[in-house]
């Protein structure tokens, strides 16, 4: 290539490169090079012939591929495969052709053929990641357990390819399932479990349930394994192997036969007397009483004489118990019924080995391998036969195959253990047996042999391996036997006592655990103290349940005592440096990183050689100082919680509070402690602090519905309606709420919502609707004036109401805070400019904007300015708060997003156009109009979603069912899809529409400068009615209980029935630019000149 780039006129170089491409099967590239060579030397006729040959071949190839694609579209898959195979004859090194055939085979569910063709495509093009993924995905399906023998490098590659294949959402569930299976084969059981769980979240399939059940089993969670297999069988109970797997799982539980049968009968739908159930009872009995099991297998055979699997299980059971003469005819019957029953062939081969009929045994075992080459046992047995015959090469060949195929079979490890025992290799024998136990071997005969062997060996390391295996398998009785014998051999071994104590405790034998460990308390062994603490904790719980307060307190205090284990470190020494003499400090340094309790600290310090030599002692005050500067090695808040509960139960509330605080010191993020603390405070009638405690708890646990319910009740009794609304809204978003509680929460929510109006047009969707009709206390449309408040300046801002307080801004630069019931001023706050924007309330803070360009976050109680943000622009648009972000538009064309906590600027969006319209928001975006005619939709991160030319907009949009509704300065009402900005409908009035719409009952209500109020169908935009007033309408209407409230520029307030247009009017004078707000059956509206009016409605 370098040569050609330097000499473009070299005919021989192009020819040479063409030959290279041709040799690699890249014939198209070769033809291109030959053409360049021919262009330099037109007399090279041999090249002309080559080019013609390649072009003809390529045209034929294109034809085959075109026809193949057409056949695929018509689902003529076999014809398509044949055409691709013809194409391969023309271009045998084109990996894409092999891959295409593989895809077709996979599509028609011939995975084995697909796998072979994918393999060829990978062999030709190993760098192609798509080919690699497809090949390795099917590798899991085809090779299955054989992948257990994969080396570390290939394992990592396999995991990478399987994980990256999960990105394909169409096959995400299946590929997660494959990943789980591969993890199983590698013994990575936890990873396998996670992969299967993710797969199950997407779709519950038979394959994922089967894999998940196996993973749970191998992790030792037999109950979960059974539950998952039951789910599988609920979908399809036709697979005999799945049912048998369920039965075998039940054998691993310590339950009665009848208990297991209930589940099995339910899944299968069979009667107890059926041969299949008799067979399953036999399986359940094998581990408990093999002779009884044999009877049930015989009954199954009597009822169904051609039941091959029953013959096999009975035959192998007799074989295991060395009843060879009885086993042989049964195993022969298996082969008469099913000649290719490879397990039957293997069992009979094993029996013939015992009879020393090795030649016949070899024939049977080889036949078993020919039927299932991947079954480890015949390979293992053949290896043993050839070893006996000193045919080492043949023996090694079969044993290697057994090792390759047997790693996922527990019986393989039993067979390996036999070989180790024959060679007197006890260590490896026990390790192999332990592996078998971990994987689920439950034969009582084998288990008893194992325990006897372990005791004979007297090797404590092997004891531990074996006990861990039984522990994982869920066999506490066997672990108990082992550790009891270990303690007999080594009575002073604290570690073994801890292990046995834990077994006693977990089985509810707490007193036995305490007696076993009490004499061995030592601060050198944290586990002893902790095990004792747990046993006393359990005793305390039992006493608590029986209301035996004295016993409960005694045990829980002991639990806390044993749990208090301390250490000191270098940091502790630094803190103590100026509090002790250098000699005493040196003595303290000698116990750095040593465990101690409050009781043992003195001995720890004074029994060192240094202290004895220097005769150093410590007094009680000094000991407490050292301990208080140390740190807990381990501490459980559950002990303190229980002690607190005991105090509550016995009526000692003050003591309970002290203990709950101690628990919070240990774990300040435990929500339960806050809830319990709150209940105690309620018992003491300290309701406000109780509510605060519940709030703290719910901040940590957002799913505890009973405490949402109780907190809402308390806040409602305090008339903190804004809080109630937020609490109930949050609670109702939690899934799975009880219907009764849900109804109660909804009732409290509507009650609270009817009493607040916290921002311009009520809330973030700006629909100006108060759901008062959903409460028990509905208004009667009396429209009776209650009070007037007159500030020092005009009012164009609108009122907001929260927790019995009304807030209104004035052009005299002040924000006024008024009592809702009588209008009396509680306080006012002076800003740096006229207030035309409507404030927004968020719990304890009021946020307001002035035309001086500043935004204020003001504490409602103290008037403390939490933060201040300068925009350098007039602010007539009204803000909103969603989540923890404050949004507002400015007259210099900028939308600001600020943190409500700090005032920190999160983002700005510049339009260069005047923004008077107040924004509206949903979960996808924020929406607003400009006076220059452009309407914007932004993401919540401040990026443009879409822009629409609508004509000038001063009206603030309202959002209802994903549609934006607003008026324009071109006399129109527009309805736009929030997602795209597409126009749903438009309605034209006789004047500008600066009024903002109110929405209720699937209707849009809006005023116009043509003096009319219009009611429009929200779906179609069709006019339902219009109501004529005596003045232009700039104010935005509000709705409650079927009554529309609106004011006009002649100072008339209208109350109009939305169903029949009957009305009431109040002349309050001045221009009504301010929009009405409704809360707690009261209406608030401001006249520009005459002040703020309050009406009972």
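Among 368-380, 87-99, how do they line up from the highest to the lowest mean number of other beta-carbon atoms within 10 Å?
368-380, 87-99
Please determine, in degrees from 0 to 90 and to the nearest 10, the orientation of helix 240-250 with respect to the longest principal axis defined by the Cα atoms of the chain, where the helix direction is its Cα long axis.
Taking Cα atoms only, the helix is inclined about 80 degrees.
Going by C-beta contacts inside 10 Å, put 502, 612, 715 in order with the fewest on the left.
Fewest-to-most ranking of 502, 612, 715: 612, 502, 715.
Report the per residue volume, in Å³, of the convex hull enclosing the C-alpha atoms of segment 295-383.
Per residue, the Cα convex hull of segment 295-383 comes to 84 Å³.
Please express the shape of segment 214-369 as an equivalent ellipsoid: the semi-axes are the square roots of 5 times the eigenvalues of the C-alpha gyration tensor, given largest first in whole angstrom.
Its equivalent ellipsoid spans semi-axes of 29, 17, 15 Å.
To the nearest µm²/s, what D does Stokes-Einstein give for segment 971-1055 at 4 °C and 1.567 mPa s, using the Kirkwood radius over alpha carbon pairs as Rh?
Here the translational diffusion coefficient equals 100 µm²/s.
Nearest 500 deg cm²/dmol is fine: what mean residue ellipticity at 222 nm does the chain get from its DSSP H runs of n ≥ 4 alone, each adding -39,500 (n - 2.57), divided by its residue count?
Calculated from helices alone, the mean residue ellipticity at 222 nm is -16500 deg cm²/dmol.
Could you check the spin-label model distance between residue 868 and residue 20? Points 7 Å from the Cα along Cα→Cβ, value in nm.
Result: 7.6 nm between the two label points.
What do you get for Rg/Rh of segment 709-775 when both radii come from the Cα atoms and Rh is the Kirkwood radius?
Dividing the radius of gyration by the Kirkwood radius yields 0.97.
On C-alpha positions alone, give me the angle between the axis of helix 11-23 and the longest principal axis of the chain, in degrees, nearest 10.
Taking the Cα atoms of the chain, the angle to 11-23 is about 70 degrees.
Cα gyration tensor of segment 183-253, axes a ≥ b ≥ c as square roots of the eigenvalues: rounded (a/c below 1.5), prolate (a/b > b/c) or oblate?
oblate
In Å and whole numbers, how far do the C-alpha atoms of segment 916-997 stretch along each principal axis, longest first?
Taking the Cα atoms of segment 916-997, the three principal extents are 38, 23, 18 Å.
Going by how many other beta carbons lie within 10 Å of each one, how would you line up 276, 509, fewest first?
The most exposed by this proxy come first: 509, 276.
Tell me, what does the Kirkwood hydrodynamic radius of segment 151-202 come to in angstroms if you use every pair of distinct C-alpha atoms?
For segment 151-202, the Kirkwood estimate is 10.8 Å.
Quick one: Cα centre-to-centre distance for segment 1026-1077 and segment 235-266, in angstrom?
Their Cα centres are 73 Å away from one another.
Going by alpha carbons, how many degrees (0 to 90, nearest 10) lie between the helix axis of 549-563 and the longest principal axis of the chain?
Helix 549-563 and the main axis of the chain meet at about 70 degrees.
Evaluate E = 1/(1 + (r/R0)^6) for residue 1057 and residue 804, where r is the Cβ-Cβ distance and R0 equals 35 Å; express this FRET efficiency to the nearest 0.05.
0.75
Between residue 526 and residue 557, how high is the FRET efficiency from 1/(1 + (r/R0)^6) when r is the Cβ-Cβ distance and R₀ = 22 Å? Nearest 0.05.
It comes to 0.70.
In nm, to one decimal, how far is the residue 1002 label point from the residue 197 one, both placed 7 Å along Cα→Cβ?
The answer from the label model is 4.5 nm.
For segment 942-990, take the alpha-carbon Rg, divide it by the Kirkwood Rh, and send me Rg/Rh.
When Rh is taken as the Kirkwood radius, the ratio is 0.95.
Test of understanding: what is the full-extension gain from residue 85 to residue 257, defined as 0.36 nm times their sequence separation minus their Cα-Cα distance?
Once the chain is fully extended between residue 85 and residue 257, it gains 56.1 nm.
Taking the radius of gyration and the Kirkwood hydrodynamic radius from Cα positions alone, what is the Rg/Rh ratio for segment 518-634, to two decimal places?
With Rh from the inverse mean 1/r over Cα pairs, Rg/Rh is 1.08.
Please compute the contact order of segment 518-634 in relative form: average sequence separation of alpha-carbon pairs under 8 Å and at least six residues apart, divided by the residue count, as a percent.
Over segment 518-634, the number comes to 28 percent.
For a quick protection proxy, order the peptides 328-334, 788-794 by their average other-Cβ count within 10 Å, most packed first.
Per-residue Cβ counts within 10 Å, averaged per peptide and sorted highest first, yield 328-334, 788-794.
How long are the semi-axes of the equivalent ellipsoid of segment 628-679, taking √(5λ) for every eigenvalue λ of the Cα gyration tensor, in whole Å from largest down?
Three semi-axes, in Å: 20, 12, 9.
Given the C-alpha centroids of segment 15-77 and segment 129-181, what is the distance between them in whole angstrom?
Value for the Cα centre distance between the two parts: 36 Å.
What number in nm² do you get for the chain if you take the convex hull of its Cα atoms and divide its surface by four?
Averaged projected hull area, Cα only: 68.1 nm².
Please report, in whole Å³, the volume per residue of the convex hull around the C-alpha atoms of segment 1-136.
Dividing the Cα hull volume of segment 1-136 by its residue count gives 110 Å³.
Label residue 325 and residue 962 with points 7 Å out from Cα along Cα→Cβ: what is the distance between them in nm?
So the label points at residue 325 and residue 962 sit 8.1 nm apart.
If you average the C-alpha positions of segment 865-908 and of segment 207-233 separately, how far apart do those two centres end up, in angstrom?
Spelled out, the Cα-based centre of one part sits 54 Å from the other.
Using the count of nearby Cβ atoms within 10 Å as a rough guide to exposure, how do 1095, 280 rank from fewest to most?
So the residues, fewest neighbours to most, are 1095, 280.
Taking each pair of distinct Cα atoms in segment 650-751 once, what is the resulting Kirkwood hydrodynamic radius in Å?
14.0 Å is the Kirkwood radius here.
Over all directions, how big on average is the projection of the convex hull of the alpha-carbon atoms in segment 754-1096, in square nanometres?
About 14.6 nm², averaged over all directions.
Against the globular-protein guess of 2.2 N^0.38 Å, express the Cα radius of gyration of segment 165-288 as a ratio, rounded to two decimals.
Against the compact-globule rule of thumb, the ratio is 1.12.
Based on the alpha-carbon set only, what is the convex hull volume of segment 85-132 divided per residue, in Å³?
Once divided by residue count, the hull of segment 85-132 is 59 Å³.
If r is the Cβ-Cβ distance from residue 699 to residue 980 and R0 is 51 Å, what FRET efficiency results, to the nearest 0.05?
Computed FRET efficiency for residue 699 and residue 980: 0.85.
Quick note: the coordinates plus some simple rules give every number you see, no bench work behind them. The structure displayed is predicted, hence computed values, not measured ones. Note: ideal-geometry Cβ built from the backbone for every residue, glycine included; neighbour counts use all protein chains shown.
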